[in-house]
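We did not get these values from a lab; they are worked out from the coordinates using the rules stated. Here the structure is a predicted model, which means the values were calculated and not measured. In this analysis, Cβ positions are derived from the backbone assuming ideal geometry, glycine residues included, and neighbour counts consider all displayed protein chains.
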Amino acid sequence: MRIVLDIWRQRGPRDPGRFVRYEVPDVSEHMSFLEMLDVLNVGLVERGDDPVAFDSDCREGICGMCGFLVNGDPHGPTHHATICQTHMRHFADGDTLRLEPWRAAAFPVIKDLVVDRSAFDRIIAAGGYVTIRTGSAPEANAILVPKTDADRAMEAAACIGCGACVAACPNASAALFTGAKISHLGLLPQGQPERARRAVTMAVQAREEGFGHCTSIGECAAVCPASIQLEVIARMNRDFVKATLTGRDEAAPVAVFPRRGPAGGGG
Amino acid sequence: MATEARPEQPPARASRLGLLWESAIGKKALMAATGVVLFLYVFFHMLGNLQIFMGPGQLDRYARLLHASPQLLWTVRAFLLCALAIHVVAGVQLDLSAREARPVRYQELRSTHSSTASRTMIWSGLLILAFVVYHLLDLTVGVANPGFREGEVYHNVLVTFGRGVGVLAYVVAMVALGFHLWHGVWSLFQSLGLSSRRVTPGLQRFAAAVAVILTLGFSSIPMAVLIGILRP
Ligand code: HEM
Ligand code: FES
């Protein structure tokens, strides 16, 4: 099959960027979407052109590296799957596909379809951890976890941090991501000591990174490849409001990592 | 315990509500709380208004009852005005910051799941705000009403709805209110952390139902005047 691509090309963070049209004439329907881009890039390299930059690692939907919009759909037309899991059989011969990077102030474009998602790492570092008892390993079954809590925590832990939720949100909010991380730790007994603090520090960090707020629109959960549920946001909101109204801290919460300067470095 | 590096002054302690106001999640919680207040007000306002179908005497008596105690009246008015101010300022601030969160627009972003109501909350909200100003000038202060008579509510309402623009303004505003509540009444449970996958479908049905009831309930009055069921 023949596929026409309108791909966002941007040489670097400062380049304004533009769409460039390419044609891939001999696509097999068994190729994954990223393999199709590999074929395109081989052709570009042979011609001496700059290959299209896109992120990928595992190519089986578990690492969260890949992701861009295909005709306005984060991760393409098959919802609840990443773009690396999407095969060309979902498209028709002669289709024109527009590939656009995630767009958010907190996700600056590095090159072409690659964006900098280190804001997510800083949100995790701000509170996505639990304290543990060092020393000899405890008895594995000493802490009892209700089955539903274990299930809900596992579901939330399925988040691969790809950023599609931010990309799909009209407010560029990271609420689904942050809510998933807060839920996955806050639902388990091991996560209780930091539960209140975690909700505050992670949410404050998300704000500091420049993500928008949540309007409960629900586009995030609709495109999430890990099927994270909207209720993780409610759980985050509950923990946050409770911690703010009853917390013992004297000082107002501040971001763990202050916002990066206008030059994009430092901080 | 204290070391020499410790500053003398303890860090400034913002009030708890102030802390809520400073964060995005807290601001949404305050929007939800004020949204509940405004929603309850609007609901009982509709029930009060529907007494117009029981005749001019009943409606004007009800109006006198509301004005029986100026202290109570102004307390309630001040309370509602504060709730509205908090709601509006928070809504505008959050909307502006959301615009900043995506400085480069998409060429194309497909909405796969969401309702139009959820994506247009700021516009339905601003329409309601404009309407509230007009409404107060029309039926409370009276300067926007061509035949205003103090205390004669039935008469004033019929003057307003005797004109096409009056009917249009009220019906359009009530449709905007319906849109706002269609999404807002379930979203507020999400903002307060009270929703879950078990109760969310029920909350969404409830929100849709109250939105329809309020829009039809309020709009029934201008419609009734238009088709001549209510006469001067
Ligand atoms: C009778 C008047 C009103 C009622 C009953 C009402 C009710 C609500 C409710 C229940 C919500 C949901 C809150 C949440 O998601 O937590 C909401 C959201 C919102 N309201 Fe209102 N509202 C009213 C007037 C207004 C006005 C005058 C504005 C003017 C700007 C406004 C702007 C907004 C906005 C922008 C949101 C969405 C906030 C977000 O981004 O999530 N509302 N409203
Ligand atoms: S490359 Fe790992 S999830 Fe797509």
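Check whether at least one residue in the stretch B:70-79 is within 14 Å of chain A (Cβ to nearest Cβ) and among the charged types (D, E, K, R), and report yes or no. Walk me through it before giving the result.
Within the stretch B:70-79, the subset within 14 Å of chain A (Cβ to nearest Cβ) is none.
Scanning the stretch B:70-79 turns up no residue that is within 14 Å of chain A (Cβ to nearest Cβ) and among the charged types (D, E, K, R).
Among the residues of the stretch B:114-144, the ones that are β-branched (Val, Ile, Thr), surrounded by fewer than 18 Cβ atoms within 10 Å (Cβ to Cβ) and within 17 Å of the chain's Cα centre (by Cα) come to 4 in all. Checking each residue in the stretch B:186-215 for being at the interface with chain A (Cβ under 10 Å from one of its Cβ atoms) and of a type in the set (Ser, Thr, Tyr) picks out B:Ser187, B:Ser191, B:Ser195, B:Ser196, B:Thr200. Candidates in the stretch A:52-84 are the residues that are near ligand 2 (Cβ under 7 Å from one of its atoms) and outside any loop (DSSP other than H, G, I, E, B); of these, the one that is farthest from B:Tyr106 (Cα to Cα) is A:Cys84.
Quick grid of which residues meet (1) aromatic (Phe, Trp, Tyr); (2) more than 16 Å from ligand 1 (Cβ to nearest atom); (3) within 29 Å of B:Ala98 (Cβ to Cβ):
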position	(1), (2), (3)
A:Cys58	no, yes, no
A:Gly61	no, yes, no
A:His79	no, yes, yes
A:Leu97	no, yes, yes
A:Trp102	yes, yes, yes
A:Pro108	no, yes, yes
A:Ile123	no, yes, yes
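Would you mention how many residues in the stretch B:163-183 are more than 9 Å from chain A (Cβ to nearest Cβ) and under 24 Å from A:His213 (Cα atoms)?
So in the stretch B:163-183, the residues more than 9 Å from chain A (Cβ to nearest Cβ) come out as B:163-182.
Going one step further and asking which of them are under 24 Å from A:His213 (Cα atoms), we end up with B:176-182.
The number of residues fulfilling the criteria is 7.
Got a sec? Which helices (runs of 4 or more DSSP H) wholly within the stretch B:139-232 have at least 1 residues that are touching a Leu at 6+ places or on another chain (Cβ under 7 Å) and among the aromatic types (Phe, Trp, Tyr)? Those helices (runs of 4 or more DSSP H) span B:153-161, B:164-191.
Applying the set (1) at the interface with chain A (Cβ under 10 Å from one of its Cβ atoms); (2) of a type in the set (Gly, Ala, Ser); (3) in contact with a Gly (Cβ under 6 Å, 6 or more places away or on another chain) to B:Gly125 leaves exactly one unmet item: (1). As a summary of the residue check, A:Arg98 satisfies the conditions (1) basic (Lys, Arg); (2) within 16 Å of ligand 2 (Cβ to nearest atom); (3) within 14 Å of chain B (Cβ to nearest Cβ) except for the one numbered (2). Within the stretch B:101-115, not a single residue is touching a Phe, Trp or Tyr at 6+ places or on another chain (Cβ under 8 Å) and closer than 30 Å to B:His155 by Cα.
Comparison of A:Ala234, A:Ala222, A:Ala206 shows that the only residue that is assigned to a helix (DSSP H, G or I), within 7 Å of another protein chain (Cβ to nearest Cβ) and within 17 Å of the chain's Cα centre (by Cα) is A:Ala222.
Before we move on, is A:Cys220 closer than 21 Å to A:Gly76 by Cβ, in contact (Cβ under 8 Å) with a residue 24 or more places away in the chain and not charged (D, E, K, R)?
Details: closer than 21 Å to A:Gly76 by Cβ: yes; in contact (Cβ under 8 Å) with a residue 24 or more places away in the chain: yes; not charged (D, E, K, R): yes.
Taking the combined requirement at face value, the residue satisfies it.
Scanning the stretch B:48-68 for residues that are among the aliphatic types (A, V, I, L, M) and touching a residue at least 40 places away in the same chain (Cβ under 8 Å) yields a count of 4. If you go through the stretch A:42-96 and keep only what is touching a Phe, Trp or Tyr at 6+ places or on another chain (Cβ under 9 Å) and free of Cβ contacts under 8 Å to residues at least 40 places away in the same chain, you end up with A:Gly43, A:Leu44, A:Val70, A:Gly72, A:Pro77, A:His90.
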